Structure formats: structure tokens, C-alpha cells
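A short worksheet on the structure shown next.
Rule-based calculations on the coordinates, nothing more; no lab input. Worth saying up front: this structure is predicted, and the values here are computed from it rather than measured. Cβ placement follows ideal geometry from the backbone for every residue including glycine, while neighbour counts extend to all protein chains displayed.
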Amino acid sequence: MTVRLAIPSKGRLRDEVLERLEAANLRVELPEDDRSYRARIAGLDGVEVSFLSASEIARELGAGRVDLGVTGEDLLRETWADAETRVPILSRLGFGRADVVVAVPEIWLDVETMADLDDVAAEFRQRHGRRLTIATKYWRLTQQFFSGSHGIQVYRIVESLGATEGAPTAGSADLIVDITTTGATLRANHLKILSDGVILRSEACLAVFASERSEVDDALIREIVERLNESVSAEA
Amino acid sequence: MSALAAQVAAFLAARDAGAVDAAILQPAEPFLDMAGEDLRRRIFLTESETGETLCLRPEWTIPVCLDHIASQAGTPRRYSYCGEVFRQQRAGAVEFLQAGIEDLGETDTASADARSLADAHALVQTVLPDQSVAITLGDQAVFEEVLTALGLPRGWRRRLVRAFGSPDQLSAALEDIANPVKRGILAEEAGEQIAQSDEETIATLLRGEMESAGFSPSAGRTPEDIAHRLLEKASLASLRLPAAELRALRIFLSVKVSLERATDALYAFGRGAGITLDGAVEGFARRSDALREHGLTLAEIRYDAAFGRPLDYYTGLVFEIATADGERPLIGGGRYDRLLTLLGAADPIPGVGFSAWLDRIEAARGGAA
């Protein structure tokens, strides 16, 4: 019996996760060979740590190939329609904060709210012979927000896998849904966030694949969550 | 072919509508373009080797209309179909049989509407002879006429028409125009500046700013689009929907009567609200007369003034037929006068049609046995 825990393999997120785990008395013993993608947690037998990209973690977790994963809430919700029940969040870690937002060209002086955007989207087809387009890598979150929460039906999504904020000036989309921490990149690209255009306030989270487990594994997971939550609230 | 499908096909063959077929694999673009991105998660998408996005036929109206446009067939013309459609569902089957009739190009709207509903009703009577059914009817044209007669500005009318058929959206829209939220400071400054200018001056200003920021003034919303809407918005910002008009709209939307009494109820509503309703309500009355001539009992059809579909190509009649105790409709239908233009028809072609869910009918037959 093992609990498989996946953590981000790269960048600042990896460092912050390792720090947070260490602060929670869950130090990851990194393998000697730093190209290896497996590790364990000091003093906690039965936990197998693997290093994956943040988006892989969301996918692997929901497929049940790992038990626990640390990744962004945005990725969990984007990857799984039933994220709340399939990969419930056990601990919010307080870093990796970023917002998924709707941003339009600053020059659209007449557009401040989603209701404005609804209006613009409805008129657009008549004037331009095509639907208003949104560049994003967040298909699901965009659909839920536009169609579900705001009743905006007539728009099109164009997939964007990088440099989304440049799409409006490049002419490949009219507006974007993207993740931002400070909004600086958006401003640099002459984009503004709609006043009610925050789709999700995301942060790094520990999530679990919801399933039946042995008592030993359940206890291990509880232990990890307890230590993490204590350390998060101690810091807050 | 199941017994039900055979029975439905025989019914359709006797209804003076040419049977059409359509490929199961369809280009996805027209469906996503018409119904919106929300459809994406409810259909089965795939890709051709050349990168074209294809889908398993999710419904019949759009393929029938596209085929009509491509074949440049003369109008008026009626088409019938019976075949599989495919939808993603969390539970239950993903492949269903749908059958229906689309009536394209008939300019006598009232009579084409009535014929469509009468055909749908006759279909249900044929396949579910022993069941009592509930028919609900709505009409967006009447709603639009009420908005115009109440003297609402165009911007508000458009917003309300868009929300028509979705109770949540509609009450949110009404709330917004009855109690406009205070706008941001930036917008107020812009508002004061623009109030002094005309559309052309603003557009010129915007064009300069767009170019210096690196936006193409022709790729998407143009400086003229923005200037135009900015002025329209500024003119609406100082307005709020007067209480009397709001009350009248709420009263209108709560009208739910039998079709037998509906025309009188609409005229009575108009008198109460102090407005004159003519064209759309006259068409409504003519359609009711035509329905009676088809042998339908108007007392058994329910008119719900708030019933509609929040998609921009529906324009008038909508209806649903369900079993008396059923939650999901067995048949849905409506008028879509804007659809063929949106799909690329050179001239406007009016259209009305209905579609029957044979799986639901089958289930209702099982339940009756």
C-alpha cells in the first residue's frame, strides 16, 4: 500500500511546494540522481512522491493514477467538469495565487462589465460576419462563465497555448481569458480586466482523487493534510 | 428500423414534405456558430486529416437548411427527416432518433406556424394515441412588440429580447435597467468627454489610439463600432426603466392562459398598460384561427408569454409538446427566420419546424403499456 503524491517538477512552483512541505514537517528526500522523477518523504513510509508538470498532475489525479497532487485550482477545474467531487481540494496552500480573468482591449471604452460584453457579442455577427472570438487555454472555465453564469451564448473560442495576451493585437482573437498575478502583462498589451470578469481566484492546492482506500492509506492522507493545514494556518 | 421509427417515417411520408438525408459526419463550424460554444461539450467532435473540425450530427435543422441553401432549391419547400443524432450525456444513451419537418420559405407565417404545430400534434396522436399531452406555446414577436409599444430604447430592447426564454437572464436584465449600477469613475470621465463630441470625432480619436497601441482598426471591433456604442451607452446611462413600464413588463411576462383566451388576454393587457398592440398580436390571432381550422382544441394549448428560446435566430413562435405528466418535451419546435441568413443564404428565407425525440416517445409508449 502506498499513497502516490505528485508535485510540480519545474520552476518556482516546485520550489514553493518543497518549502511548504518541509515547513509542514514533510521534507521530500530528493533522489541522488537529480534527473530522477521519484522521491520519498522523510519519516513517512508509504508515500511515493513523483514529479510531474502541473497540468499533468491535474490529469493524472483525476484519472486516479496518483492519490494526491499539488497543482493550481485553475488546472483542476479546467481539466475536470466534476472537479469538486472527483478531485476535492483538501488544503489551500496560500501561494501560486493567480486569477483567471476576462480581459478586453483597453480601447473598448464602452465595455466595463460582462453585460456590456453580452451586448457587443450579440451585435458582432451582424457587423462582422463572424462571432466574437476569445483566445484562451481555458475552454471549460470560459464556457462555464460565459454560457453558464452570464448567459452569453454567441461567441467562439480559439485555442491559445501560449502568449494569449498578444492575441488581440495580433488580430487572432477579439478578447482573452487568461491567468494573471499582477495584471502587468495585460496592461503591457493594452488589455483591461472587466469589473465582474474574475472567473476564478486560483492558488496552489493539495487535492485528492476521491475513491475508496485502505485504512492505512486514508490515515496517511489525513496525516499529510493535517500537517499541511497546521503549517498553512501557522503562517497565516 | 424499430416499429416506432417505421411508423414515424410513414407518417412523415404522408405529410407533403420531401424526405431528406444528411451525412452523419458534419462540419462542426455551423453548429458552434449558431448555438454557441456551450454546444461544444454536448456534441462529439473529431478532426479530419486536414484539420477541419467535424462532429457527429447533433441535430437536423442546420443540415437541412444548409442543404437547402446549397441546392438553391426554390421556396416554399417542406423537408422531412428521420435519423440519428448524437449528444454527450453524463447518463443514458448518446445516440437518439429524431424526426421532424422543416418548412422553408413560406411567407404566410401564421399558416406555416399553424401547420407545423398541427403536424407535430398529429405525429404525437399517431404514435401515442391513448395519451393526453400538454402543449405549450410562446411567441417572441409578441414580446418584441410589447417592448416597442412601451417605448423602450433600442439598447434595452435588444438586451431583453436576448434574455427572452431564460427566466434568470431576463430578471437580471430587468433588474439592471430598472436600477442601473453606478459606473466606474474612468467611465464617467469618458462619459463626460464623449457627451461633448460626435461619433465621428470619437471614432477618429479611437482610431489613433488603436493604431498606436498596435490594434488593427479593421480586424475586429472598429473605432466606429466603439464610438457608436459608447454614445448609445452614455445616452442610456442617465435613464432608468420607469416603474410603470417595469410593472407592465412583469404583468405581461406572467400571462399564462389557454390559447383560446390568449388573444383577448393580450389586448386586455395592452389596454391596461395603455399601449396599442397590433401587428404581432394580429398574427398571433390569425395563427390561433389557423390552428382551430386544423382541428386543434385551443382550450387545451397553454400560452405562456415568457416562453421562448434564448438563441438569436429564433424569432417568433416556439412550442413544446410533452406528456401530461412528463418533464421533458417529446417535441420542440419554433420559427427561426434569421437562421438561413446566418447560415449564408443570399436572401432572407423564413423557416419554421419541429423535431421529435423518438427515444422519449418510445419511453412514453412503454410507460403507457
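A cut-off of 5 Å between modelled amide H atoms, ignoring neighbours fewer than 5 places along the same chain, links A:Leu200 with A:Val100. Helical content alone sets the calculated 222 nm signal of chain A at -10000 deg cm²/dmol, taking -39,500 (n - 2.57) per DSSP H segment of four or more residues and averaging over every residue.
Using the Karplus relation 6.51 cos²θ - 1.76 cosθ + 1.60 with θ = phi - 60°, the per-residue 3J(HN,Hα) values for region A:121-129 come to 4, 5, 7, 4, 4, 4, 7, 10, x Hz, with x marking Gly and Pro. The alpha-carbon atoms of region A:98-201 define a convex hull whose volume equals 90 cubic angstrom per residue. Rounded to 0.05, the FRET efficiency of the B:Leu205 and A:Glu215 pair, given R0 = 56 Å and the Cβ-Cβ distance, is 0.20.
Taking the 0 to 90 degree range and rounding to the nearest ten, how far is the long axis of helix B:140-149 tilted relative to the main principal axis of chain B, both from C-alpha atoms? Tilt of helix B:140-149: around 30 degrees. Close amide H pairs (under 5 Å, H built 1.01 Å from N) link B:Ala356 with B:Ala99, B:Gly100, residues at least 5 positions away or on another chain.
A cut-off under 15 angstrom between Cβ atoms defines the neighbours of A:Arg130, and their net charge, with Lys, Arg +1 and Asp, Glu -1, is -2.
Scaling against 2.2 N^0.38 Å puts the C-alpha radius of gyration of the protein assembly as shown at 1.12. The stretch between B:Asp168 and B:Glu95 holds 23.2 nm of extra length on full extension. This uses 0.36 nm per residue minus the Cα-Cα distance. Contact order, relative form, for chain A: 28 percent (alpha carbon pairs under 8 Å, 6 or more residues apart, mean separation divided by residue count). Taking amide H as placed 1.01 Å from N in the peptide plane, A:Ser160 has its amide H under 5 Å from the amide H of A:Thr136, A:Lys137, each at least 5 places away in sequence or on another chain. The antiparallel fraction among DSSP beta bridges confined to the protein assembly as shown stands at about 75%.
Each Lys and Arg Cβ is given +1 and each Asp and Glu Cβ -1; about its Cα centre, chain B then shows a dipole of about 940 debye. Annotation: the residues B:Ser238, A:Ser160, sorted from fewest to most other C-beta atoms within 10 Å of their own C-beta, follow the order B:Ser238, A:Ser160.
Each of B:Leu97, B:Ala17, B:Leu4 was scored by the projection of its Cα onto the charge dipole of region B:1-132, and the greatest displacement toward the positive side belongs to B:Leu4; charges sit on the C-beta of Lys, Arg, Asp and Glu. Our summary gives region A:98-201 a relative contact order of 49 percent, counting only alpha carbon pairs under 8 angstrom and 6 or more residues apart. Neighbour counts of C-beta atoms inside 10 Å place B:Cys65, A:Cys205 in the sequence A:Cys205, B:Cys65, starting with the fewest. Computed from Cα atoms, the angle from the helix B:154-163 axis to the main principal axis of chain B rounds to 40 degrees. Each label was represented as a point 7 Å from its Cα along the Cα-to-Cβ direction; for B:Ala70 and B:Asp264 these points are 5.1 nm apart. Rounded to the nearest 10 degrees, the inclination of helix A:11-23 to the longest alpha-carbon principal axis of chain A is 40 degrees. With K and R counted +1 and D and E -1, the other residues having a Cβ less than 14 Å from that of B:Ala110 yield a net charge of -4.
Charged neighbours of A:Gly197, selected by a Cβ distance under 13 Å, balance to -4 (K, R count +1; D, E count -1).
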